[in-house]
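Everything on this sheet refers to the single structure shown next.
The values are calculated or read from the model by the stated rules, or taken from the named source; none is laboratory data. All values reported here derive from a predicted model rather than from experimental measurement. Cβ atoms come from the backbone with ideal geometry, glycine included; neighbour counts cover every protein chain shown. With ligands, DNA and RNA removed, areas are computed over all heavy atoms of the protein, side chains included. Shrake-Rupley method; radii C 1.70, N 1.55, O 1.52, S 1.80 Å.
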Amino acid sequence: MPQTLEPSRTKIAQTQDGANTEQQSSLVTDVLFEPLLSDFRIIFERDPAARNWLEVLFCYPGFHALCLHRLAHWLHRHRVAFIPRLISHVGRFLTGIEIHPGAEIGKGVFIDHGMGVVIGETAIVGDYTLIYQGVTLGGTGKETGKRHPTLGKNVVVGAGAKVLGNIHIGDRVRVGAGSVVLRNVPADCTVVGIPGRNISRKQSANLSPLEHNKLPDVEATVIRSLLERIEQLEQQLQTLKEGSRRVADKRK
(Lines give C-alpha, C1' and ligand atoms only; values in the text may rest on other atoms or scores of the structure.)
Protein backbone atom coordinates (compact mmCIF):
# COMPACT_ATOMS: atom_id res chain seq x y z
CA MET A 1 0.00 0.00 0.00
CA PRO A 2 1.58 3.36 -1.03
CA GLN A 3 2.48 5.76 1.75
CA THR A 4 1.04 9.25 1.63
CA LEU A 5 3.31 12.30 1.98
CA GLU A 6 0.65 14.27 3.88
CA PRO A 7 0.86 14.12 7.69
CA SER A 8 -2.03 12.48 9.42
CA ARG A 9 -4.59 14.50 11.35
CA THR A 10 -3.43 12.85 14.55
CA LYS A 11 0.15 14.03 14.01
CA ILE A 12 -1.04 17.57 13.18
CA ALA A 13 -3.14 17.66 16.33
CA GLN A 14 -0.21 16.40 18.38
CA THR A 15 2.04 19.06 16.87
CA GLN A 16 -0.48 21.81 17.64
CA ASP A 17 -0.94 20.53 21.17
CA GLY A 18 2.82 20.49 21.63
CA ALA A 19 3.10 24.08 20.36
CA ASN A 20 0.32 25.24 22.67
CA THR A 21 1.93 23.47 25.62
CA GLU A 22 5.30 25.04 24.80
CA GLN A 23 3.67 28.48 24.53
CA GLN A 24 1.95 28.06 27.88
CA SER A 25 5.22 26.87 29.41
CA SER A 26 6.94 29.99 28.02
CA LEU A 27 4.25 32.17 29.58
CA VAL A 28 4.61 30.55 33.00
CA THR A 29 8.42 30.44 32.97
CA ASP A 30 9.43 33.67 31.22
CA VAL A 31 6.59 35.93 32.33
CA LEU A 32 4.99 34.70 35.52
CA PHE A 33 7.70 32.83 37.40
CA GLU A 34 11.33 33.89 36.98
CA PRO A 35 10.90 37.70 36.70
CA LEU A 36 8.21 37.86 39.38
CA LEU A 37 10.28 35.72 41.72
CA SER A 38 13.14 38.21 41.32
CA ASP A 39 10.71 41.09 41.89
CA PHE A 40 9.45 39.39 45.04
CA ARG A 41 12.90 38.68 46.48
CA ILE A 42 14.33 42.15 45.83
CA ILE A 43 11.66 43.73 48.04
CA PHE A 44 13.12 42.04 51.12
CA GLU A 45 16.60 43.27 50.19
CA ARG A 46 15.64 46.91 49.62
CA ASP A 47 12.70 47.62 51.90
CA PRO A 48 13.36 47.45 55.66
CA ALA A 49 9.58 47.54 56.24
CA ALA A 50 9.08 44.18 54.49
CA ARG A 51 8.69 41.75 57.40
CA ASN A 52 7.03 38.67 55.93
CA TRP A 53 5.94 37.27 52.59
CA LEU A 54 2.22 37.80 53.27
CA GLU A 55 2.69 41.57 53.56
CA VAL A 56 4.67 41.69 50.35
CA LEU A 57 2.23 39.47 48.48
CA PHE A 58 -0.92 41.35 49.46
CA CYS A 59 0.12 44.87 50.51
CA TYR A 60 2.75 46.06 48.00
CA PRO A 61 1.17 47.92 45.05
CA GLY A 62 4.48 48.06 43.19
CA PHE A 63 4.63 44.27 43.12
CA HIS A 64 0.98 44.04 42.05
CA ALA A 65 1.58 46.52 39.22
CA LEU A 66 4.53 44.50 37.95
CA CYS A 67 2.52 41.27 38.05
CA LEU A 68 -0.23 42.80 35.93
CA HIS A 69 2.25 44.48 33.60
CA ARG A 70 4.20 41.31 32.85
CA LEU A 71 1.00 39.59 31.79
CA ALA A 72 -0.11 42.62 29.74
CA HIS A 73 3.33 42.91 28.11
CA TRP A 74 3.31 39.22 27.11
CA LEU A 75 -0.10 39.68 25.47
CA HIS A 76 1.10 42.93 23.83
CA ARG A 77 4.11 41.15 22.31
CA HIS A 78 1.77 38.51 20.89
CA ARG A 79 -0.33 41.27 19.26
CA VAL A 80 -3.44 40.71 21.35
CA ALA A 81 -5.73 43.71 20.91
CA PHE A 82 -7.45 45.70 23.68
CA ILE A 83 -6.84 43.22 26.54
CA PRO A 84 -3.30 44.47 27.41
CA ARG A 85 -4.48 48.08 27.67
CA LEU A 86 -7.44 46.98 29.76
CA ILE A 87 -5.11 45.13 32.16
CA SER A 88 -2.90 48.24 32.34
CA HIS A 89 -5.92 50.41 33.10
CA VAL A 90 -7.12 48.04 35.83
CA GLY A 91 -3.62 48.03 37.32
CA ARG A 92 -3.60 51.85 37.33
CA PHE A 93 -6.97 51.91 39.08
CA LEU A 94 -5.88 49.40 41.74
CA THR A 95 -2.31 50.57 42.40
CA GLY A 96 -1.96 54.17 41.20
CA ILE A 97 0.89 53.01 38.93
CA GLU A 98 0.50 53.38 35.17
CA ILE A 99 2.71 51.17 33.00
CA HIS A 100 2.04 50.92 29.28
CA PRO A 101 1.95 47.29 28.07
CA GLY A 102 4.67 48.08 25.54
CA ALA A 103 7.24 49.08 28.19
CA GLU A 104 10.07 46.59 28.73
CA ILE A 105 10.88 46.00 32.39
CA GLY A 106 13.75 43.81 33.53
CA LYS A 107 13.83 41.44 36.46
CA GLY A 108 14.27 42.44 40.08
CA VAL A 109 12.69 45.88 39.58
CA PHE A 110 11.29 47.44 42.76
CA ILE A 111 8.68 50.21 42.65
CA ASP A 112 8.61 51.52 46.22
CA HIS A 113 5.18 52.89 47.28
CA GLY A 114 4.61 53.73 43.63
CA MET A 115 1.69 56.17 43.71
CA GLY A 116 1.85 58.39 40.64
CA VAL A 117 4.51 56.41 38.75
CA VAL A 118 4.09 56.61 34.96
CA ILE A 119 6.13 54.49 32.54
CA GLY A 120 5.65 55.14 28.82
CA GLU A 121 5.18 52.76 25.92
CA THR A 122 8.75 52.62 24.60
CA ALA A 123 10.51 52.91 27.95
CA ILE A 124 13.07 50.25 28.87
CA VAL A 125 13.89 49.63 32.54
CA GLY A 126 17.00 47.57 33.33
CA ASP A 127 17.37 44.80 35.89
CA TYR A 128 17.30 45.65 39.62
CA THR A 129 16.21 49.25 39.09
CA LEU A 130 14.69 51.05 42.08
CA ILE A 131 11.87 53.51 41.36
CA TYR A 132 10.19 55.69 44.00
CA GLN A 133 6.75 57.33 44.00
CA GLY A 134 5.88 60.09 41.57
CA VAL A 135 8.48 59.10 38.95
CA THR A 136 7.74 59.68 35.26
CA LEU A 137 9.55 57.91 32.45
CA GLY A 138 7.89 59.85 29.67
CA GLY A 139 8.24 61.53 26.31
CA THR A 140 8.70 65.15 25.30
CA GLY A 141 6.23 65.52 22.44
CA LYS A 142 4.20 63.75 19.79
CA GLU A 143 7.11 62.10 18.01
CA THR A 144 6.75 58.48 16.95
CA GLY A 145 9.08 55.52 17.42
CA LYS A 146 11.39 55.32 20.44
CA ARG A 147 10.37 58.34 22.50
CA HIS A 148 10.85 57.25 26.11
CA PRO A 149 14.01 56.74 28.17
CA THR A 150 16.15 53.64 28.53
CA LEU A 151 17.41 52.90 32.04
CA GLY A 152 20.41 50.66 32.62
CA LYS A 153 20.86 48.16 35.43
CA ASN A 154 20.84 49.05 39.14
CA VAL A 155 19.55 52.58 38.50
CA VAL A 156 17.92 54.50 41.37
CA VAL A 157 15.27 57.10 40.46
CA GLY A 158 14.30 59.28 43.42
CA ALA A 159 10.80 60.40 44.38
CA GLY A 160 9.18 62.84 41.95
CA ALA A 161 11.97 62.65 39.37
CA LYS A 162 11.11 63.05 35.69
CA VAL A 163 13.20 61.32 33.03
CA LEU A 164 11.94 62.50 29.65
CA GLY A 165 12.65 61.73 26.02
CA ASN A 166 14.61 59.10 24.11
CA ILE A 167 17.68 59.28 26.34
CA HIS A 168 19.91 56.66 27.90
CA ILE A 169 20.62 56.44 31.62
CA GLY A 170 23.71 54.35 32.28
CA ASP A 171 24.17 51.54 34.78
CA ARG A 172 24.25 52.40 38.50
CA VAL A 173 23.12 55.99 37.93
CA ARG A 174 21.36 57.75 40.84
CA VAL A 175 18.72 60.34 39.95
CA GLY A 176 18.01 62.70 42.84
CA ALA A 177 14.47 63.33 44.05
CA GLY A 178 12.63 66.01 42.08
CA SER A 179 15.19 66.13 39.28
CA VAL A 180 14.24 66.59 35.62
CA VAL A 181 16.58 64.66 33.34
CA LEU A 182 16.57 65.56 29.63
CA ARG A 183 20.00 64.33 28.46
CA ASN A 184 22.01 61.12 28.44
CA VAL A 185 23.75 60.21 31.67
CA PRO A 186 26.95 58.08 31.71
CA ALA A 187 27.26 55.10 34.01
CA ASP A 188 28.14 55.55 37.70
CA CYS A 189 27.00 59.19 37.83
CA THR A 190 24.59 61.12 40.00
CA VAL A 191 22.04 63.53 38.51
CA VAL A 192 20.44 66.34 40.50
CA GLY A 193 18.56 69.56 39.79
CA ILE A 194 16.27 71.09 37.17
CA PRO A 195 17.38 70.48 34.51
CA GLY A 196 19.42 67.53 35.74
CA ARG A 197 23.17 68.03 35.96
CA ASN A 198 25.65 65.17 36.01
CA ILE A 199 28.04 64.73 38.91
CA SER A 200 30.69 62.62 37.22
CA ARG A 201 32.15 60.61 40.00
CA LYS A 202 32.37 56.90 40.81
CA GLN A 203 29.85 55.55 43.25
CA SER A 204 31.06 53.88 46.41
CA ALA A 205 30.67 50.11 46.34
CA ASN A 206 29.32 50.20 49.90
CA LEU A 207 26.70 52.87 49.18
CA SER A 208 23.16 51.54 49.59
CA PRO A 209 20.53 52.51 46.99
CA LEU A 210 18.37 53.78 49.86
CA GLU A 211 20.94 56.32 51.12
CA HIS A 212 19.56 59.41 49.39
CA ASN A 213 21.05 61.63 52.12
CA LYS A 214 24.48 61.03 50.59
CA LEU A 215 23.63 62.53 47.22
CA PRO A 216 25.82 65.56 46.47
CA ASP A 217 24.30 69.02 46.85
CA VAL A 218 25.63 71.10 43.96
CA GLU A 219 24.10 74.39 45.11
CA ALA A 220 25.47 73.96 48.63
CA THR A 221 28.95 73.24 47.25
CA VAL A 222 28.91 76.37 45.07
CA ILE A 223 27.58 78.56 47.89
CA ARG A 224 30.21 77.19 50.28
CA SER A 225 33.04 77.96 47.83
CA LEU A 226 31.66 81.49 47.28
CA LEU A 227 31.51 82.13 51.04
CA GLU A 228 35.09 80.93 51.43
CA ARG A 229 36.18 83.22 48.59
CA ILE A 230 34.36 86.20 50.13
CA GLU A 231 36.05 85.52 53.47
CA GLN A 232 39.47 85.44 51.80
CA LEU A 233 38.77 88.74 49.99
CA GLU A 234 37.62 90.37 53.24
CA GLN A 235 40.83 89.28 54.96
CA GLN A 236 42.90 90.69 52.08
CA LEU A 237 40.93 93.94 52.21
CA GLN A 238 41.47 94.20 55.96
CA THR A 239 45.21 93.64 55.48
CA LEU A 240 45.35 96.39 52.85
CA LYS A 241 43.48 98.80 55.15
CA GLU A 242 45.92 98.14 58.01
CA GLY A 243 48.86 98.67 55.65
CA SER A 244 47.41 101.96 54.43
CA ARG A 245 46.85 103.12 58.02
CA ARG A 246 50.47 102.39 58.95
CA VAL A 247 51.75 104.32 55.93
CA ALA A 248 49.54 107.29 56.88
CA ASP A 249 50.77 107.21 60.47
CA LYS A 250 54.41 107.24 59.36
CA ARG A 251 53.84 110.28 57.15
CA LYS A 252 52.45 112.21 60.08
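Using the Karplus relation 6.51 cos²θ - 1.76 cosθ + 1.60 with θ = phi - 60°, the per-residue 3J(HN,Hα) values for the stretch 154-160 come to 6, 7, 10, 10, x, 4, x Hz, with x marking Gly and Pro.
State the Kirkwood hydrodynamic radius of the stretch 56-206 in Å, one decimal place, computed from all pairs of distinct Cα atoms. Write out the running numbers ahead of the final one.
Details: mean 1/r = 0.0653 Å⁻¹.
In the stretch 56-206 this quantity evaluates to 15.3 Å.
Note on the stretch 44-95: Rg/Rh from Cα positions, Kirkwood definition for Rh, rounded to two decimals, is 1.10. Could you state the number of Å between the C-alpha centres of the stretch 105-126 and the stretch 134-172? Distance between centres, Cα-based: 10 Å.
With only alpha-carbon atoms in the gyration tensor, what are the semi-axes of the equivalent ellipsoid for the stretch 70-158, in Å, largest first?
Working: eigenvalues 73, 48, 35 Å².
Each semi-axis is √(5λ); the values are 19, 15, 13 Å.
Once the chain from residue 220 to residue 34 is taken as fully extended at 0.36 nm per residue, the excess over their C-alpha distance is 62.6 nm.
So with the 1.4 Å probe, I'd like the accessible area per residue for the stretch 42-94, rounded to whole Å². Don't jump to the answer; show the numbers that get you there.
Numbers: 3440 Å² over 53 residues.
Computed with neighbouring chains in place, this is 65 Å² per residue.
Over all pairs of different C-alpha atoms in the stretch 147-189, the reciprocal of the mean inverse distance, the Kirkwood hydrodynamic radius, equals 10.0 Å. For the stretch 63-153, chymotrypsin sites (Phe, Trp or Tyr not before Pro) meeting the loop criterion (DSSP other than H, G, I, E, B) and having at most 15 other Cβ atoms within 10 Å: 82. Among the trypsin sites (Lys or Arg not before Pro) in the stretch 32-87, those placed in a DSSP loop whose Cβ has at most 11 other Cβ atoms within 10 Å are 51, 79.
With every protein chain left in place, what is the accessible area per residue of the stretch 123-200 in square angstrom, probe 1.4 Å? Don't skip to the answer; put the middle values down first.
Numbers: 3140 Å² over 78 residues.
Heavy-atom SASA per residue in the stretch 123-200 reads 40 Å².
Using every pair of distinct Cα positions in the stretch 81-127, the Kirkwood expression returns a hydrodynamic radius of 11.1 angstrom.
For Cα pairs less than 8 Å apart in space and 6+ apart in sequence, what is the mean separation divided by the residue count of the stretch 73-210, i.e. the relative contact order in percent?
Numbers: 376 pairs, mean separation 18.9, N = 138.
Normalised by residue count, the contact order of the stretch 73-210 is 14 percent.
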